[in-house]
Amino acid sequence: MRGQSLVLLGAGILFGATGVYAQHPEGGHPEGQRSEPQHAQPRNDVPRANQGKIPPPPAHREVSQGMPEAERHANGKLNGTQHVSNDHWYGHDRPDDKRYHVDHPFEHGRFEHFGASYRYHIERIDRDHHRFWFPGGFYFQVAEWDWPICADWCWDCGEDFVVYEDPDHTGWYMLYNVHTGAYVHVSYLGL
């Protein structure tokens, strides 16, 4: 009898702690924006990239800045890939890059749930067409030229992503992987 009481007490504490964690405001998962993955892999909600924090949105750049900025490491090496480190967005293409010209920006509407306070996992991925869906049916397409950056991401293992509005390329968004620190350009295709 005493053993059963301890098991029930332990289960009650675990259940209560889980409920408190799910309601924690710093969790970054507003109501209706996040559902748990459909498999039983343990989740690590703590970002591993950008020194363990979600970055603020990228700042608008002027055309005169030229080529994408590379991160300079203390050992003299350069990292020119698209990534965020110390809240700085590296590798972002020039604002006047012709690849980002869209004849009808926001043709499918605007995605309104973007920024550091919204974290998502991918509900479905179509690798052949470079499309992915968030919970609720919102879907996007990765820019053709950015697909090689993210083709090997673990799209369906519950990793977290944040969407930012691209300040330099009208009609585009940036999908940031909170665990790798890399980002890609995506277009919103609607609901």
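The values are calculated or read from the model by the stated rules, or taken from the named source; none is laboratory data. Source: prediction; values computed, not measured. We place every Cβ from the backbone using ideal geometry, glycine too, and count neighbours over all the protein chains shown. Please note that ligands, DNA and RNA were not included when accessible areas were found on the heavy atoms of the full protein model with its side chains. Shrake-Rupley method; radii C 1.70, N 1.55, O 1.52, S 1.80 Å.
Being under 24 Å from His104 (Cβ atoms), assigned to a loop (DSSP other than H, G, I, E, B) and polar (S, T, N, Q) is the filter here, so list the residues in the range 142-191 that pass it.
Thr170
What number of residues within the range 129-168 are surrounded by fewer than 17 Cβ atoms within 10 Å (Cβ to Cβ) and aromatic (Phe, Trp, Tyr)?
Summing the residues that are surrounded by fewer than 17 Cβ atoms within 10 Å (Cβ to Cβ) and aromatic (Phe, Trp, Tyr) in the range 129-168 gives 2.
For the range 87-101, enumerate the residues that are in a loop (DSSP other than H, G, I, E, B), open to solvent by less than 30 Å² (accessible area, probe 1.4 Å) and not acidic (Asp, Glu). Steps first, please.
Residues of the range 87-101 in a loop (DSSP other than H, G, I, E, B): 87, 91-97, 101.
Narrowing further to those that are open to solvent by less than 30 Å² (accessible area, probe 1.4 Å): 91-93, 95, 97.
Within the range 87-101, Gly91, His92, Pro95 meet the criteria.
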